[in-house]
Amino acid sequence: MRRRSLLLAVPAGLLTLAGCGDDKPDKAKSKTSDAPTNSPSEAPKAKIVDGPVPEITKGDKFGQKPTVAKGSGKPSPDLAVKTVIEGKGKEVAKGDYLQAHYLGQIWATAKVFDDSYKRGNPTVFPIGVGRVIPGWDQGLVGKKLDSRVELAIPPELGYGKQGNKEAGIKGSDTLVFVVDLVDTFNAKSSAKGKEVAQSNKDLPKVGTDTGGKAPSIDIPKTDAPEKLVASYILEGDGDVIKETDSLLCQYKGVLWEGGKEFDSSYQRKELAQFQLAQVVKGWAQGLTGKKVGSRVLIVIPPKLGYGDQPPQGSPIKKDSTLVFTVDILAKS
């Protein structure tokens, strides 16, 4: 099954990072996610019932790929939500970025149309704010992390009367999902890795606080490095990032010359979600190979940033060296 398009808005500040080296910067496209796309713009408020939902016949533990039976009889016209495994984590809140594994299939045929377990990575998406199908928005908010939730979603809370032809979903199909709730993130999230010594006096010193506030960046009174610098400030223990990954991050950017801040997800109080292929080469090269859960210092020389074509209206000038602190919260 192809990756499903989730219409995420790339934060305005990050649009200024979408250029590639010496090429003319272009605006970043919306991040592509695997979660079910939002369909009707004004979905009805659902009546939530606890069934019926089909039986999970194999893979009944949290994190295991499930096998789900075909639906028996007629599905409920309401949104059926059953907590199969009750987790003990914090509740999923409206507006959180939810990290989840899931399997989706059609009630009447048990045809699987989407499966994050097969792809190997949980997906990350905003929940409760109209970025995914209404059945997810209304059925998952308030559930606890480490829970497994099964949903039977009527058409009007899924893809509506138009269905989703490419996925093989008709406008009359009830959709069945099994969703494992892995983690959540919000504007106060920070990296939680182990502190790494900052011993090079010729590089900026970055703060190590993890309370969700923007860390300090102190620029040394030396010449900027000519080569890309990408070093751990806090080293996490999560998965290693590949160049094809999409990331969820907190970040702050300042100019080497003068230390002026020009961009910050902390200031906007909005996390940044993007594909590494969509941002400047310095980010893509600097974050590839790093671990999820880390805070990374990136110093980007002009040739890997904007060179002589800085973003119009930005404090970034021609041939500027850019300095970033990036907290890698999750990947998908």
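Within region 238-247, one or more residues are within 18 Å of the chain's Cα centre (by Cα), within 30 Å of Gly313 (Cα to Cα) and in a strand (DSSP E or B). The residues of region 301-316 that are assigned to a helix (DSSP H, G or I) and surrounded by 23 or more Cβ atoms within 10 Å (Cβ to Cβ) amount to a single one, Leu304.
Every listed requirement among (1) over 21 Å from Pro122 (Cα atoms); (2) crowded, with 21+ Cβ neighbours inside 10 Å is met by Phe262 save one, (2).
Look at Ala187 and say whether it is surrounded by 20 or more Cβ atoms within 10 Å (Cβ to Cβ) and in contact (Cβ under 8 Å) with a residue 12 or more places away in the chain. Please lay out each step first, then the result.
Details: surrounded by 20 or more Cβ atoms within 10 Å (Cβ to Cβ): no; in contact (Cβ under 8 Å) with a residue 12 or more places away in the chain: yes.
When the stated conditions are applied, Ala187 does not pass them.
Whenever a residue of region 290-316 is closer than 22 Å to Ala230 by Cβ and among the basic types (Lys, Arg), its partners that are at pLDDT 90 or above and not in a loop (DSSP other than H, G, I, E, B), lying with C-beta atoms within less than 6 angstrom and at least six residues away or across chains, give the pairs Lys290/Val296; Lys291/Val240; Arg295/Ile233; Arg295/Leu234; Arg295/Asp327. Restricting attention to region 254-300, the residues that are under 20 Å from the mean Cα position of the chain (by Cα) and assigned to a strand (DSSP E or B) total 9.
Residues satisfying the criterion are present in region 291-300 (criterion: in contact with a Lys or Arg (Cβ under 8 Å, 6 or more places away or on another chain) and within 20 Å of Asp96 (Cα to Cα)).
Applying the condition of being charged (D, E, K, R) and part of a strand (DSSP E or B) to region 79-138 and asking which residue is nearest to Gly160 (Cα to Cα) yields Asp114.
Residues satisfying the criterion are present in region 317-326 (criterion: in contact (Cβ under 8 Å) with a residue 60 or more places away in the chain, in a strand (DSSP E or B), touching a Cys at 6+ places or on another chain (Cβ under 9 Å) and within 19 Å of Gly207 (Cβ to Cβ)).
Is it the case, given these coordinates, that Lys201 is assigned by TED's automatic domain parsing to the domain that holds Ser314 and either farther than 26 Å from Gln99 by Cα or buried (at least 19 other Cβ atoms within 10 Å of the Cβ) (or both)? Please lay out each step first, then the result.
Values: assigned by TED's automatic domain parsing to the domain that holds Ser314: yes; either farther than 26 Å from Gln99 by Cα or buried (at least 19 other Cβ atoms within 10 Å of the Cβ) (or both): yes.
It is true that Lys201 is assigned by TED's automatic domain parsing to the domain that holds Ser314 and either farther than 26 Å from Gln99 by Cα or buried (at least 19 other Cβ atoms within 10 Å of the Cβ) (or both).
If the condition is being over 18 Å from the mean Cα position of the chain (by Cα) and hydrophobic (A, V, I, L, M, F, W, C), then region 109-139 contributes Ala110, Val112, Phe113. Residues in region 221-237 that are among the β-branched types (Val, Ile, Thr) and outside any strand (DSSP E or B): 1 in all. Among the residues of region 157-177, is there at least one that is within 26 Å of Asp245 (Cβ to Cβ), in a helix (DSSP H, G or I), aromatic (Phe, Trp, Tyr) and outside the structural domain of Asp245 (by TED's automatic domain parsing)? Among the residues of region 157-177, not one is within 26 Å of Asp245 (Cβ to Cβ), in a helix (DSSP H, G or I), aromatic (Phe, Trp, Tyr) and outside the structural domain of Asp245 (by TED's automatic domain parsing), which makes the answer no. Residues in region 67-77 that are closer than 25 Å to Gly128 by Cα and surrounded by 14 or more Cβ atoms within 10 Å (Cβ to Cβ): Pro75, Ser76.
The values are calculated or read from the model by the stated rules, or taken from the named source; none is laboratory data. Treat the numbers as computed from the prediction; the structure is a model and nothing was measured. Cβ atoms come from the backbone with ideal geometry, glycine included; neighbour counts cover every protein chain shown.
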